[in-house]
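In what follows, a structure is listed as structure tokens, so that the remarks can point back to it.
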Amino acid sequence: MAQLKEGMSQLNAEGLVAKAEHVQAQLTAHAAQFPTPSPTLVALEAQKEELLTAIGKALDGGRSAHQTKRDKYRKLKSMLKQLAEYVANVATGDAQLIIDGGFEVRAEAKPTHLPNAPTNLEALTPNVARAVKLEWRGEKKVRLYQVQICAKDPAVDPAWTTLALVSKRQYTAVDLEPYNLYWFRVIAVNVAGESLPSDVLMARAA
């Protein structure tokens, strides 16, 4: 889901005017998608003109003229923030609608390297019968783990099967044959790909 970026933190007064003109043009061009902008585009135009006037007066003006410019700047920025919230509510995560509304899409922070293999894989006492409870350690930024099982010694027959893709660093494998030995391993997954498998754990189903 895309997130809206206001894109105003580094703008001076002139840049904020240009931003307002862009938002106004985009919302006007896509009025069908944004039928009730709040505040209105008429109000945005008026506030933009007030800042433009204040910019001109501040060129040769004194302290009061510069204070007026700062006040008009803050008011226009506040108005654009309200419009950003309106666009975000209408877009509901649609990147193209965010752009159509005159704002930017926030870049997602994506890992550029493969995650490290999970460590400390161990078997704990499960809460149910015919099961093995697994826990392991992983990197904080890893959000998904692939849990795999092998019903035979993988050193002889490495027929690994994926049991689940989980977000927590634990998983209970169920519906196993009681007292049978099983081999398990875990692989960390991020957008860059998969890690190497963890060390293999041999455990007996309870």
Nitroxide proxy distance, nm - points 7 Å out along Cα→Cβ at V128 and E108: 3.1 nm
Test of understanding: what is the full-extension gain from D153 to E49, defined as 0.36 nm times their sequence separation minus their Cα-Cα distance? 29.8 nm
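Sort out the exposed loop trypsin sites (Lys or Arg not before Pro) in the chain (DSSP loop, at most 16 other Cβ within 10 Å) and tell me the longest stretch that has none.
1-105
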Quick one: V105, V87, fewest Cβ neighbours within 10 Å first, how do they rank? V105, V87
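Which helices of the chain meet both criteria: a Cα extent of 18 Å or more along the helical axis and a mean Kyte-Doolittle score no lower than -0.5, with helices taken as whole DSSP H segments?
Correct list, ordered by number: 13-29, 41-60.
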To the nearest 0.05, how large is the calculated FRET efficiency for R70 and Q3 if R₀ is 30 Å and r is the Cβ-Cβ distance? 0.55
Going by a ≥ b ≥ c, the root eigenvalues of the Cα gyration tensor, does the stretch 65-128 fall in the rounded group (a/c under 1.5), the prolate group (a/b larger than b/c) or the oblate group? prolate
Only helical DSSP H runs with n ≥ 4 go in: add -39500 (n - 2.57) per run for the chain, normalise by residue count and round the 222 nm mean residue ellipticity to 500 deg cm²/dmol. -12000 deg cm²/dmol
Considering the values [x] 86, 37, 28; [y] 41, 38, 34; [z] 48, 44, 30, which represents Cα extents along the principal axes in Å as calculated for the structure under consideration? [x]
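Any read-out appearing in this document is the output of simple, stated calculations on the displayed coordinates, not a laboratory observation. Quantities reported herein were computed from a predicted structural model and do not represent experimental measurements. No Cβ is skipped: glycine too gets one built from the backbone with ideal geometry, and neighbour counts run over all protein chains shown.
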